[in-house]
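Following: one structure in structure tokens, then a few remarks.
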Amino acid sequence: MTHRNFALAGGKIGTIIAVLVLLVWSVGPIYWSLATSFTSPTDLISAEPHFWPADMTLEHYAKLFGSTSMSQGNKVASVWPQFSRAIINSVITSVAATFITVAIAAFAAYAFARMKFPGRNVLFFVVVGTLAIPAYTVMIPLYRLMIALHLVDTYVGVTLIYVSAFLPLALWLMRSVYQSMPLSLEEAAWMDGAGRVYTLVRIIMPLAAPGLIAAAIITFLNAWGQFLVPLVFSPTLTTKPLTVLIPEFVSRNYVDYGLINAAGIIAIIPPVLVVLFLNRFLVSGLMAGATK
Amino acid sequence: MANLTISQLKKNYGNVEVLHGLDLTVNDGEFVSLIGESGCGKSTLLRMIAGLEEITDGTIAVDGRVINDVAPKDRDMAMVFQNYALYPHLTVAENMGFSLRLRNVPKAEIRPAVEDVAELLNLSPYLDRLPKALSGGQRQRVAMGRAIVRRPQVFLFDEPLSNLDAKLRVQMRVEIKALQRRLGTTSIYVTHDQMEAMTMSDRIVIMNHGKIEQIGAPLEVYDRPANVFVATFIGSPSMNLLDGVLERNADGIFIRTETAVIRVAGEISGQSGSNVIVGVRPEHLKIVADATEGSIPFDLDLIEPTGAETHLYGQTGKVLMTVALNDRFNAPLGSSLYLGIQEKHVHVFDKENGQRLN
């Protein structure tokens, strides 16, 4: 084997190892969670680890979805009422935050990209700069503010916080999307007789769709996975989402690993579906044919 | 139909003035080209007419009405962009009908109007395609069609042919001109291609560094360039220039250059003894057998046969010269030849300010 072939083979092996490490890193925990959710409580605490449940059981899922279930030989009420409520809460706050964030970003980013007004860049960097502020530092003042506005434990309150937290990123993304589009398209529309808003909505936004979708995905995933904000602002099941409910399955004298992992597996289904669905619209090449 | 009057038009970017008080009138139905090197301000001027650039000072008026503060959408002008700027998510028919839809023309009228224009531009088979499924020339036609379909008062063209290959460019040049003749719409056409400007225009505006150097009919600009800039900018190969001194005596008017004494026909301003520049177009030079009165010695460096013409490159003294012959020509490189000039084709410019003297 020549030196060159050796290097090539080495590179290939390196790539394979890197891919494997990445897969284990990202898919491993999900697999472990999935396996755990099917493992019987006795096996869960056995000293010998099992990479696949020795006795497959659906009892954890039964605890989630059934009306009653068996736990340690006792008949107990299932967590379905809380769990279903938390799913609804997660969906409502995440979807609302996504729609509002993307809608505001779609217009505001255009203003930052194309309109000329004094302080435009300063304002933009101040807005985007808020990304660098740790959430913990604003938590207490924010809590006082939300108390004063009677928005604690309301959908409006949680959604507003999500929007203010995720808008800067969406804005940043959309501004660069707009900036990369040829100005002549807008000018052509103006010459054709269109106003600014009409041009934005009918010409620019359809072409910026991949950017809008990407912003929606990022916002939705961020909102869905949010823990700290709802931990503080969603104290009751009125608005409590899955991320806050699931850890509560840990009781003082018993950690129900099976239930927690089953709930976790259910909780990742909606974001996976959202990404799969929106991904179809993330097509490139929308701009093909515009110029030259 | 519209007369366009531009007066004392200025444009600043920050503190830099890029257009220095332009005056230009474009008559109803006229085809006027703006030509100049890149950065001369021709596109800026066009965009100001369109309303896409703000006016720093001066006025633009259509039929006497000042439109400085009128939004682009209300100017009733159509623009064909250099990169076509087609709406990529709309079909050819939708692209062309876009402006009509905005004007609330009933759907039943839009389609026939679009079909008429498509017919005119040979686009009928492509009406339901997206722009990405068209060739460069077809996209260019769609951009034209989008401008034509609404029958605007003024057409603005911003180097519309510069992205096409040479053959297609010639073909589209002819088509645009024919179309403009037929529609009779006032048109302003920005180009850096002098062939386009010469062949298409009723008048040419030659711009340089934000100023208008000359406005005139194509042949007038070619035959009587107002100054050295225009003389060298228009014409390819470009005009030969020789430094000389003006001499008036009983036999007539002569320019004494380093290597020759050239007779000038007709009247000329400028005093005897003043420094001038003599200009002669390459096609107005011919090879003469021997040194005769007024002939210019020429050391041949290179022969370039183009097919239609033969271009000779060489030097007289230290000045490079180009000769364009209609016939085939052959001579050993390095030959010492003599060039004859027809005196009526001699251009004389002031050495100081570059302005035409004859």
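Rule-based calculations on the coordinates, nothing more; no lab input. For clarity, every value in this text was computed on a predicted model and none was experimentally measured. Backbone-built Cβ (ideal geometry, glycine too); neighbour counts: all protein chains shown.
Roughly how big is region A:3-77's charge dipole about its Cα centre, with Cβ charges of +1 (Lys, Arg) and -1 (Asp, Glu), in debye to the nearest 20?
360
Quick one: compute the contact order of region A:1-157, relative version, from alpha carbon pairs under 8 angstrom and 6+ residues apart, as a percent.
Relative contact order of region A:1-157: 9 percent.
Add -39500 (n - 2.57) for each DSSP H run of 4 or more in the protein assembly as shown, then divide by its residues: what number comes out at 222 nm, to the nearest 500 deg cm²/dmol?
It lands at -13500 deg cm²/dmol.
Which order results if A:GLU187, B:GLU17 are arranged by neighbouring Cβ count within 10 Å, fewest first?
B:GLU17, A:GLU187
Along the charge dipole of the protein assembly as shown, which of B:VAL221, A:VAL201, A:PHE6 sits closest to the positive end, that is, farthest toward it, with unit charges on the beta carbon of Lys, Arg, Asp and Glu (+1, +1, -1, -1)?
Toward the positive end, the furthest listed residue is A:VAL201.
Within a 10 angstrom radius of each residue's Cβ in B:69-81, how many Cβ atoms of other chains show up on average? Whole number is fine.
Mean shielding by partner chains, rounded to a whole number: 4.
Return one number: the angle in degrees, 0 to 90 and rounded to the nearest 10, between the long axis of the Cα atoms of helix A:3-37 and the longest principal axis of the Cα atoms of chain A.
60
How high is the FRET efficiency from A:ARG120 to A:ILE140, r the C-beta distance, R0 30 Å, rounded to 0.05?
The value I calculate is 0.40.
Roughly how tilted is helix A:209-224, in degrees to the nearest 10 and between 0 and 90, from the longest Cα axis of chain A?
Tilt of helix A:209-224: around 30 degrees.
Describe numerically, in nm with one decimal, the distance between label points set 7 Å from Cα along Cα→Cβ at A:ILE30 and at A:ILE88.
2.8
Suppose each label sits 7 Å from its Cα in the direction of the beta carbon; what would the A:ASN279-B:SER336 distance come out to in nanometres?
With each label point 7 Å from Cα toward Cβ, the separation is 8.2 nm.
For B:ARG248 and B:ASN326, what does the FRET efficiency come to when R0 = 30 Å and r is the distance between their Cβ atoms, rounded to the nearest 0.05?
Efficiency computed from Cβ-Cβ geometry: 0.30.
Quick one: putting +1 on the C-beta of Lys and Arg, -1 on the C-beta of Asp and Glu, what dipole do you get for region B:237-350 around its Cα centre, in Debye to the nearest 20?
Roughly 60 debye, rounded to the nearest 20.
For chain B, what relative contact order do you get, as a whole percent, if you take Cα pairs closer than 8 Å and at least 6 residues apart?
In percent, rounded to a whole number, it is 15.
Taking the Cβ of each residue in B:ARG281, B:ARG101, B:ARG356 as the centre, tally the other Cβ atoms inside 10 Å and list the residues starting with the fewest.
By the 10 Å Cβ count, ascending: B:ARG101, B:ARG356, B:ARG281.
Quick check on the exposure proxy: order A:ARG85, A:ARG280 from fewest to most C-beta atoms within 10 angstrom.
Fewest-to-most Cβ neighbours within 10 Å comes out as A:ARG280, A:ARG85.
Pairing the Cα long axis of helix A:257-279 with the longest principal axis of chain A, what angle in degrees results, from 0 to 90 and rounded to the nearest 10?
Helix A:257-279 sits roughly 20 degrees off the main axis of chain A.
Straight-line reach from B:LYS73: which aspartates and glutamates have a Cα under 17 Å away, not including same-chain ones fewer than 8 places off?
A:GLU186, A:GLU187, A:ASP192, B:GLU53, B:GLU54
If one computes the Cα centroid of region B:104-144 and of region B:72-94, what distance in Å separates the two points?
That distance is 12 Å.
For a 24 Å ceiling on Cα separation, which of these pairs sit above it: A:LYS116/B:LYS10; B:LYS167/B:LYS344; B:LYS132/B:LYS177?
In this structure, B:LYS167/B:LYS344; B:LYS132/B:LYS177 lie more than 24 Å apart at Cα.
Based on the Cβ-Cβ distance from A:LEU131 to B:ALA71, what FRET efficiency comes out when R0 is 35 Å, to the nearest 0.05?
Once rounded, the FRET efficiency stands at 0.45.
Other chains near B:86-98: what is the mean number of their Cβ atoms within 10 Å of each residue's Cβ?
What the average comes to for B:86-98 is 4.
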